[in-house]
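The values are calculated or read from the model by the stated rules, or taken from the named source; none is laboratory data. A quick note: this is a predicted structure, and the numbers were derived from the prediction, not measured. Please note: Cβ atoms are built from the backbone with ideal geometry, for glycine as well, and neighbour counts cover all protein chains shown.
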Amino acid sequence: MNLFERGTRPDLEPPEPEPAPSDVPPPRRLPDPALPPRRRGSWEEAALTNVDITELVKRQIRTVTRPWHK
């Protein structure tokens, strides 16, 4: 088998395996604005969701808050 058939260089190490799906937390989904408001989980989860919504809206209206003002 030549290098073109293998697709890799012989001196490279094999890539590291991807983490198992149970190791990676699922991405947080933002609530659909077309639906009525509902609970967003615990206080911590709700706060993180609110921050994500705020950052999304800021990007949409092209507003940037400097990190030292956060």
task: Take residue 32 and decide whether it is under 20 Å from the mean Cα position of the chain (by Cα), modelled with pLDDT of 80 or more and surrounded by 10 or more Cβ atoms within 10 Å (Cβ to Cβ).
output: no
- request: Identify all residues within the range 42-70 that are of a type in the set (Asp, Glu) and surrounded by 10 or more Cβ atoms within 10 Å (Cβ to Cβ); write none if there are none.
  value: 45, 52, 55
message: Please go through (1) part of a helix (DSSP H, G or I); (2) without any contact (Cβ under 8 Å) to a residue 12 or more places away in the chain for residue 49 and return the number of the only condition it doesn't satisfy.
response: (2)
